[in-house]
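The values are calculated or read from the model by the stated rules, or taken from the named source; none is laboratory data. Since the structure is predicted, the reported quantities are computational estimates derived from the model, not experimental observations. Cβ sites come from the backbone with ideal geometry, for glycine too, and all protein chains shown count toward neighbours.
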DNA sequence: GTCTATAACGGGATAGAC
DNA sequence: GTCTATCCCGTTATAGAC
């Protein structure tokens, strides 16, 4: 809504990505947003309130660019060239969605960094947990749905479990990338492999459901 | 070595686990360690230097309790009762080693929290990256070796890739657990499943090498 | 709504005695 | 090696004019 307000939130994401949550200085934020310090306190209760709002803001923005990218996907399709990956429709879409977070583009890096920072902050600041948990659940749900399109016969519980593993892995890889432990290309490769592994795993689940909906074999991996 | 010095490091891990790196106050640390602020600056260059030392300290301590636990493993073996998990020797050892980090015991939680915090800090403080990267490489190496014992014929590169995925996943799950997004039991379940999935995946790799006396069935789920 | 100026204080770092 | 006392800067947050 308000011009200035969103400008402050954009700036907050930028500054957090640059300095981290612990490094965010209200003064620097004010300069970045082109407003005065006092205005920040006028619009947001206090520093923590600002962080909370920034969390949801960053999250909304991520959904937005995910949607944009999905639109682009229809156009680009290099899946034919490489014999490596079985890039059929829904699977490719899933890969795109997850790999989107592992890119060295300014706003993606900004989002990933801010997200990681805010998640880390939530360990010690319970006030941030509400937004965080909600966003996480939604994200897992989305990934589970996409997995469901790749493996329509896999049981719901297995889809959610796979989605939780994939999203948690993505966060882990992202943290390593951003902290300079793991090169970006490696992170992307690991992520792609993991998707393949999980999809293969879900195929196994599919096989289990021989007749109706009831898994007959007591598989060890539930 | 020095009594006081290690006391400070122990206290640092405790305080970081309680307040986070951003919440670590040299004063509080001094109280926790039962020393004066000045002594901390005498033993460690400055705040960052202290953090760097704490990072390696925490890491060494983790190795230590991993070793202790491995010793205990020989005694305890409930693998026979439950038909759920294929807890053969090396596989069980691997599971133990990884699940060790997902336990609600004071010193484990302390280590995990401190490790997560320091990793998060490294995103913005390059001074911390050296220790971090080294520790990470060593850990991946260890897990890869353990995977190698479970799947002796799997190629080295596949073992390392799996190890990287598993350790990154563990960090991701740990972060979610500690930030209150994911219940501990869920995190543990996801981790166990992932190990199963990865081991099954490596079995596939094994099948690829048809010549060297390995069962040729390319079954994904063993 | 938005600014400038300033209060109020927390906390990192050092001096110097013992 | 370890302490007490203190400096002083950076940072959050508010007061009050426009």
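Restricting attention to region A:7-42, the residues that are surrounded by 18 or more Cβ atoms within 10 Å (Cβ to Cβ) and near DNA strand C (Cβ under 8 Å from one of its atoms) add up to 2. Here is a check on your reading of the model: is residue B:154 at pLDDT 95 or above, away from chain A (no Cβ under 12 Å) and assigned to a loop (DSSP other than H, G, I, E, B)? So residue B:154 passes the test.
Yes or no, residue by residue, for (1) touching a helix residue (DSSP H, G or I) at 6+ places or on another chain (Cβ under 9 Å); (2) more than 10 Å from chain A (Cβ to nearest Cβ); (3) assigned to a helix (DSSP H, G or I):
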{"position": "B:102", "(1), (2), (3)": "yes, yes, no"}
{"position": "B:120", "(1), (2), (3)": "yes, no, yes"}
{"position": "B:138", "(1), (2), (3)": "yes, yes, yes"}
{"position": "B:141", "(1), (2), (3)": "yes, yes, yes"}
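A single member of B:87, B:76, B:66 is in contact with a helix residue (DSSP H, G or I) (Cβ under 9 Å, 6 or more places away or on another chain), away from every other protein chain (no Cβ under 14 Å) and at pLDDT below 85, and it is B:66.
Scanning region A:164-196 for residues that are part of a helix (DSSP H, G or I) and facing chain B (nearest Cβ under 10 Å) yields a count of 23. For residues that are crowded, with 16+ Cβ neighbours inside 10 Å and within 16 Å of DNA strand D (Cβ to nearest atom), scanning just region B:44-56, find the one that is nearest to the other protein chains (Cβ to nearest Cβ). If we take residues in region B:44-56 being crowded, with 16+ Cβ neighbours inside 10 Å and within 16 Å of DNA strand D (Cβ to nearest atom), then B:50 is nearest to the other protein chains (Cβ to nearest Cβ).
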